[in-house]
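Q: Could you have a look at this structure, given as structure tokens, before my questions?
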Amino acid sequence: MTNETLALYANLAVYSAMAVFTVAMIAFASDLAGAAPASLASASGAQKAAALVGAGPSATGPAPLVPGEDPAPRRRKAAGIAMVLTGLGGLLLIAAAAMRGLSVHRAPLGNMFEFALVGSMFVVLVFIAISLRRDVRWLGLFVVGPVLLTLGLAITVFYTDASELLPSLKSVWLVIHVTVATFSVALFTIAFSVVILHLVKTWLEVQDPLSMSRLKTVVNAALPPSRSLDRTAYGIHAVAFPLWTFTLIAGAIWAEQAWGHYWNWDPKEVWTFVIWVIYAAYLHARATTGWSARSANYLAIVGFGAILVNYMVVNVFFVGQHSYSGM
Amino acid sequence: MTQNRMDTRPDESDVTQPRLGTVGMLRWAWRQLTSMRTALFLLLLLAIGAVPGSIWPQRNIDAGRVADYLARHRSTGPWLDRLGFFDVYSSPWFAAIYLLLFVSLVGCVVPRSKIHWRAMRAQPPPAPQHLERLPEHGQVEVDGTPEEALAVAREVLRGRGLASRLRPGGRYRLRSEGLSLSAESGYLRESGNLLFHTALIVVIIAIAVGHLFGWRGDRILVTGKSFANTISAYDTFDPGPWVDTEGLSPFTVAVDRLDVTFEERSTGAQRGAPRDFTAYTRTQASPDAPRVSQILKVNGPLKFGGTSVFLLGNGYAPVITVRDGAGRVLMHEATPFLPQDANYKSVGAIKVTSASPKQLGLFGFFLPSEYIDEASGPSSFFPGLKNPALALGVYEGELYPQGRPQSVYTLSTEKMAQLKNSKGDPLRLLLRPGQSTQLPGGRGSVTFDGVQRWAGLSIRYDPGKALALGGAVAALAGLIASLMIRRRRVFIRVRPLQGRTVVSIGGLAKGEDPGLGSILEDLLTTIAQLSDTKPSRTESSRTESSRTESSRTESSRNGSSETESSRN
């Protein structure tokens, strides 16, 4: 039943997407490097990267030393190129997921490789969707980077041949439960990037801008104010958490059909619950006076760590009814 | 004793110290337990407490793996066992965490519901004098008198008349006082929040109901056989403490055929992976009901009222005939063997109690696709029936010493001796379907007639599951409302200015609300338009707020702490 040729094309699409994302990543990096005042950044290696993709130094002449108060908005050609490339990579991932699904006549949500592929696709699509409403070009590098890493792991370590599913996975709930789970993981991933940037930015904001190293100046200038970063992270979490709750409920409904009870304390269930509890704590911490945004964000980091454990450790090393990693 | 010890005895020496007393002490403990900080701590503790259950094997899931772990870890194993690491989810410490959390949840929901009930019926607070001190604010100059402008503003906030299609920021509750208006919207945020937490309590109750009144039974059913839903028919039966075991739903299930498909085309790791299990059954909901043919699949259970029959396992049951020396049939039946690996190398025992003078026991493996492995002996290379064979050792003696109960899949050989062949080695039978072999010493013969399959059925009754689902869905709805709806207060003041009117607007939000500024802007624009003038001087609150980020932050913190002082 499996169409080997289509599966092969799906892999080629993944490789192409990786190539496109690599160039997009360089372009995003060069755009960020250009955020620093020219007098400081003139000799930095990042500008050489900018020259690679055809975007020259954006600012000319003396610029104010205080970052973030650049009077004239700089031209961001590299960021534009990077956004277009990210969109192209997103299309390639959609094609890869579609061909992978067609090659086995089912939703491509059956093993580690397919989760990673569809998850990366969602990350890119969500990023593009956000970018249509707001300027998030500063985030591009920190979205495309993790996507590239995930795809690299997917095609090498997690790779599983296209094949049919185990009987317990043959259900409409596979599409409902796993799609939403993957989608909310994609949101949590983007939120995690923003949370990390928030920590970096709060750390930089308390430092004296005049005595900062060159790298710190560039990063500080490239990132939005910490308050806005924190708001963005919270906003994404506030969408991801209900979706994760839905994942938990849909999983319970499916478990009831396939295994006889809605909750079996299977390792995957346990970790899904642990993640839910950690992010619930994050949302509570955000609403509690006396908890700073910073300490709440540490909870979000722990939560994402739990997601990584749930995906990489539980699937492969723990014995349970979710042992379908195909590895 | 120290002075700050809290007890009921009066303490004359220290009059300045307030005496808490028992009631005060309890109240203090209750406050601590139901505080947000404690709830957060308990939530994190719950997350940490749940983890060991995913790392160590659990008795309620796989008792065999627990026994195996204990056998391999003789020093640490017993300690982990004492600490409940193999029964995490029924251990006292885990129960302590979730019971405290449950109490904390109730202690949160009840007082907050009271506060919310009052807030829903109360009027918004009066408008502050200086709206420009609020985190978001702006003003506009319009034609007409202040009273006219105020009337327009009221219409806009009520969302009536011309403004009904605009209604920026939702529906507001209004309070008028002199030349000012106070409006509040987003009460559903707190309603959703309370619904979420109440629904979680419902889910916990539903789980308790399922635990107390639910039961689970497992039965291995060889094709061609049937079973009736009574306790005695089950291989294992695990009832909740309040289950009426006499009142089980009186259905019967017969499995006529079980079709099993394994992956054959792939040559990699997927080879032999199960692809489809389908059981063809005939069922009767009660002894008087008509027989119905039904298909039972892995994701498609059979339902009898609230009881469901799930297909959770399958395996092989070799049909074996044992005859005595005179050729009389001592036993002829299909005996289920338990699969041990992905290729269904299965283990089982055949107990011939009617053999004499000594009872006979046959113990060994069934191999659906037999080959001899150098290291581990008879093995199977595929889960399907490609080269079926039985490899058995034969024992004689006492099958049930002192009548102790024992597993049907193993032989208790302490009172039995293994039969030897003519060379003195242990006797090993290797039989293929249709083959017969004579046992040494005229003990009779063993015939391997053929292979049948068995279906592993799990029968579950959980009266709490519908309630759990309802609670979970309600929790999700409440969660979405509490995260997406904004609680906002909007204040409007009007004052005359040289024959015209200045309309000032200011807003407060509970928590983060990046959209507040633009909503105020929309409100102001709508008021200006409906007052039939062109806005002459609109000070956009948005630009204002982005220019003075730091001062805005300060005032919004003040604003939110004011509304959040009750709890979370």
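Q: Give the shape of chain A as rounded, prolate or oblate, defined through the alpha-carbon gyration tensor: a ≥ b ≥ c are the square roots of its eigenvalues, a/c under 1.5 means rounded, and otherwise the shape is prolate if a/b is larger than b/c and oblate if not.
A: Taking the square roots of the gyration eigenvalues as a ≥ b ≥ c, chain A is oblate.
Q: Right, something else. Which Cα, out of B:Val322, B:Phe337, B:Phe448, lies furthest along the positive dipole direction of the range B:318-453 (beta carbon charges, K/R +1, D/E -1)?
A: After comparing all options, I get B:Val322.
Q: Let me ask something else. Order A:Ser171, B:Ser354, B:Ser293 by their accessible area, 1.4 angstrom probe, all chains in place, largest first.
A: Ranked list, largest accessible area first: B:Ser293, B:Ser354, A:Ser171.
Q: Could you put A:Thr189, B:Thr76, A:Thr156 in order of accessible surface area, largest first, with the 1.4 Å probe and the full protein assembly present?
A: So the residues, ranked largest to smallest area, are A:Thr156, B:Thr76, A:Thr189.
Q: Hey, another quick one. Report the FRET efficiency, 1/(1 + (r/R0)^6), for B:Thr410 and B:Ile55, where r is their Cβ-Cβ distance and R0 is 30 Å, rounded to 0.05.
A: 0.55
Q: Accessible area per residue of the protein assembly as shown at 1.4 Å probe, in Å²?
A: 47 Å²
Q: Rounded to the nearest Å, what's the spacing between the alpha carbon centres of the range A:127-172 and the range B:105-140? Just the number, please.
A: Going from one Cα centre to the other spans 43 Å.
Q: Continuing with this model, one more query. If I fit a long axis through the Cα atoms of helix B:92-121 and take the longest principal axis of the Cα atoms of chain B, what angle between them do I get, 0 to 90°, rounded to 10?
A: Helix B:92-121 sits roughly 30 degrees off the main axis of chain B.
Q: Another question, then. Just the accessible area for A:Ile278, please: 1.4 Å probe, Å², rounded to the nearest 10?
A: The accessible area comes out at roughly 10 Å².
Q: So what does A:Leu229 come to for accessible area, using a 1.4 Å probe and Å² rounded to 10?
A: 0 Å²
Q: Could I ask something else about it? Taking the Cα centroid of the range B:245-290 and of the range B:33-104, what is the distance between the two, rounded to the nearest whole Å?
A: If we compute the Cα centre of each part, the gap is 35 Å.
Q: Quick check on packing: order B:85-92, B:117-124 by the mean number of other C-beta atoms within 10 Å, highest mean leading.
A: B:85-92, B:117-124
Q: If you rank A:Val218, B:Val408, A:Val124 by how much accessible surface each has, with a 1.4 Å probe, what is the order from largest down?
A: The ranking, largest first, comes out as B:Val408, A:Val218, A:Val124.
Q: By how many degrees, between 0 and 90 and to the nearest 10, does the Cα long axis of helix B:549-563 differ from the longest principal axis of chain B?
A: Roughly 70 degrees, rounded to the nearest 10.
Q: Considering only protein heavy atoms, what is the solvent-accessible area of B:Ile372 at a probe of 1.4 Å, reported in Å² to the nearest 10?
A: Looks like 110 Å² after rounding.
Q: Okay, helix-only estimate at 222 nm for chain B: each DSSP H run of n ≥ 4 adds -39500 (n - 2.57), divide by all residues, round to 500 deg cm²/dmol; what do you get?
A: The helix contribution divided over chain B gives -10500 deg cm²/dmol.
Q: Averaged over its residues, how many other protein chain Cβ atoms are within 10 Å of peptide A:251-258's Cβ atoms?
A: The per-residue average across the peptide is 4.
Q: State to the nearest 20 debye the size of the charge dipole of the protein assembly as shown about its Cα centre, where the only charges are +1 on K and R beta carbons and -1 on D and E beta carbons.
A: Rounded to the nearest 20 debye, it is 920 debye.
Q: Amide H neighbours of B:Gly214 under 5 Å, at least 5 residues apart or on other chains, H built in the peptide plane: list them.
A: B:Gly240
Q: Buried accessible area for the B:A pair, summed, 1.4 Å probe, in Å² rounded to 100?
A: Approximately 4700 Å², summed over both chains.
Q: Rounded to the nearest 500, what is the 222 nm mean residue ellipticity of chain A from helices alone, with -39500 (n - 2.57) per DSSP H run of 4+ residues and division by all residues?
A: About -22500 deg cm²/dmol.
Q: Right, something else. Where the only charges are on Cβ atoms (+1 Lys, Arg; -1 Asp, Glu), what is the dipole of chain B about its Cα centre, to the nearest 20 debye?
A: My answer is approximately 460 debye.
Q: Roughly speaking, what is the centre-to-centre gap between the range B:429-507 and the range B:175-234 when only Cα atoms are used, to the nearest Å?
A: 11 Å
Q: Amide H neighbours of B:Gly464 under 5 Å, counting only residues 5+ apart in sequence or on other chains, H built in-plane at 1.01 Å?
A: Under 5 Å from the amide H of B:Gly464: B:Gly210.
Q: Compute the angle between helix A:179-205 and the longest alpha-carbon principal axis of chain A, please, reported from 0 to 90 degrees and rounded to the nearest 10.
A: 30 degrees
The values are calculated or read from the model by the stated rules, or taken from the named source; none is laboratory data. Predicted model, so just to flag it, every value in this text is computed and none were measured. Heads up, the Cβs are rebuilt from the backbone with ideal geometry, glycines too, and the neighbour counts pull from every protein chain shown. Areas reflect the complete protein model, heavy atoms only, side chains present, ligands, DNA and RNA absent. Shrake-Rupley method; radii C 1.70, N 1.55, O 1.52, S 1.80 Å.
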